[in-house]
There are 4 protein chains.
Amino acid sequence: MKTIGASLVKLAPGEVVVEFSYDRSLTQQNGYIHAGVLTTIVDSACGFAAYTLMPADSEVLTIEYKINFMSPAKGETFKGIGKVVKSGRTITVCSGDVVAVEGGKERVVATMQATMICLIHPG
Amino acid sequence: MKTIGASLVKLAPGEVVVEFSYDRSLTQQNGYIHAGVLTTIVDSACGFAAYTLMPADSEVLTIEYKINFMSPAKGETFKGIGKVVKSGRTITVCSGDVVAVEGGKERVVATMQATMICLIHPG
Amino acid sequence: MKTIGASLVKLAPGEVVVEFSYDRSLTQQNGYIHAGVLTTIVDSACGFAAYTLMPADSEVLTIEYKINFMSPAKGETFKGIGKVVKSGRTITVCSGDVVAVEGGKERVVATMQATMICLIHPG
Amino acid sequence: MKTIGASLVKLAPGEVVVEFSYDRSLTQQNGYIHAGVLTTIVDSACGFAAYTLMPADSEVLTIEYKINFMSPAKGETFKGIGKVVKSGRTITVCSGDVVAVEGGKERVVATMQATMICLIHPG
């Protein structure tokens, strides 16, 4: 999050939005944001979203995710949106999107389905 | 679809709903609908949804999908809902849900993210 | 497994193979085995494989899987092969293949990556 | 690749290995390599592996991948291994692993299944 320069713009129970601005250091040779950056941002948003519904003394870990890249990540600002689809005691399922904002228009450029696990810390 | 006894209950551009009723032959030993049946029904819904946005002389094939099973598939009726997230010339990305209806209440029991390919048949 | 007419042909710690023969009732209109059948067979093989490494009083459940369909499922016999990639106390990751056997030749027609959970029964 | 400091250590038809060394800038607060870095490295390895079997005037793009994180990414060196499972004219399916090397011992810390598409450039 820090490396990408992202900030939390929405934090509600079961839904989190993180945002970052275009920066040359985050791009591939063609000027689009790198897939690894998109993945990281939406994984973080999903993890936070899952965590909002977990107990205070717990930790969230990503078990796995699947992500489709749908359009080139071109824009001025990018949002990682994470939402809880099903919150369980151990397993939480999230869906996430990466939205590119360009000239005031929003476009979903990647979409994720993720499985998170809740680890309870003793003591 | 026929084996499962499913029928098409909604067919709109980019969105399809198929429905089937509980039948003992579709269940596992515990009385819940088998995961393979859930997967088939929502894969079909996603494939149809993708196809609604493809040219007339084309064929749709499932490249891959990922599905999370979230709750036991208990109910009287089940819906497979498929929606197009991104429709491209070659690749279409869909999201799907299986909804169990029990006593008038709906519950999402499985959720899918699928990639479809459009094959054009020569004339 | 019973509906498909499949039988267990290998059961080793962390690896399971199930097999079934071509039957018209398992095919789509084009004569190939239905994707839902392929998915069921390899999911079962992965679940069994995971279970071979779990404690006696436990139960295995599929959290999620992702499957790629690579070739038409044409053949006389089909194998679902499930292997444990990582066995943990709670989470087990498996990889699976569906192999079609036709005229003595084997071809991988689908490949899966699956996440299983171990549920411990009290008592 | 450059940001991560990775280099190509194996390039064979259908198989590619990239490697990078532990660097504090690639870690999370707990000292393990960040999931986004692991994902990037193995996605790159899979993309290159797919590309080795594509025609000269083509481009490879990642349609989607699914990755399971199995162990903390702790080590001195890390390898991203990408292998082609099925190479088609349009679609290529790959499997990938991230291997952590620590004190001479290798451990698979993440495993991926990816779908790549081949884009042919005109003329």
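The values are calculated or read from the model by the stated rules, or taken from the named source; none is laboratory data. The model shown is predicted, which means the values in this text are computed figures rather than measured ones. So basically every Cβ, Gly included, is an ideal-geometry build from the backbone, and we count neighbours across all protein chains shown. Each accessible area value is taken on the protein alone, full model and side chains, heavy atoms only, with ligands, DNA and RNA left out. Shrake-Rupley method; radii C 1.70, N 1.55, O 1.52, S 1.80 Å.
Table for the structure above
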item	result
Members of the stretch C:40-63 found to be in a helix (DSSP H, G or I) and not acidic (D, E), listed by number	C:T40, C:I41, C:V42, C:S44, C:A45, C:C46, C:G47, C:F48, C:A49, C:A50, C:Y51
Residues (open to solvent by 60 Å² or more (accessible area, probe 1.4 Å) and more than 15 Å from A:T77 (Cα to Cα)) located in the stretch A:11-23	A:L11, A:P13
Residue in the stretch D:24-32 that is open to solvent by 60 Å² or more (accessible area, probe 1.4 Å), at pLDDT 95 or above and among the charged types (D, E, K, R) present	no
Some residue of the stretch C:106-114 being of a type in the set (D, E) and either in contact (Cβ under 8 Å) with a residue 40 or more places away in the chain or assigned to a loop (DSSP other than H, G, I, E, B) (or both)	no
Qualifying residues in the stretch A:70-94 (those that are under 23 Å from D:T115 (Cβ atoms) and surrounded by fewer than 22 Cβ atoms within 10 Å (Cβ to Cβ)) - the one nearest to the chain's Cα centre (by Cα)	A:V85
Subset of the stretch B:96-123 [open to solvent by 50 Å² or more (accessible area, probe 1.4 Å), within 10 Å of chain A (Cβ to nearest Cβ) and among the small types (G, A, S)]	none
Selection from the stretch D:3-21 of residues that are modelled with pLDDT under 95, over 25 Å from D:T92 (Cα atoms) and not polar (S, T, N, Q)	D:I4, D:G5
Matching residues in the stretch D:13-39 - criterion: being part of a strand (DSSP E or B), closer than 30 Å to D:H121 by Cα and over 14 Å from the mean Cα position of the chain (by Cα)	none
Yes/no for D:L53 being out of contact with any helix residue (DSSP H, G or I) (no Cβ under 6 Å at 6 or more places or on another chain), more than 16 Å from D:Q113 (Cβ to Cβ) and at the interface with chain A (Cβ under 10 Å from one of its Cβ atoms)	no
Residue that is within 10 Å of another protein chain (Cβ to nearest Cβ) and free of Cβ contacts under 8 Å to residues at least 24 places away in the same chain, where the choices are B:L26, B:L61	B:L26
The listed residue being in a loop (DSSP other than H, G, I, E, B) and over 11 Å from the mean Cα position of the chain (by Cα), out of B:K10, B:K2, B:K66	B:K2
Meets criteria (touching a strand residue (DSSP E or B) at 6+ places or on another chain (Cβ under 9 Å) and either among the basic types (K, R) or open to solvent by less than 10 Å² (accessible area, probe 1.4 Å) (or both)) for B:A35	no
Where D:F48 falls short, out of the listed (1) touching an Asp or Glu at 6+ places or on another chain (Cβ under 8 Å); (2) modelled with pLDDT of 95 or more	(1)
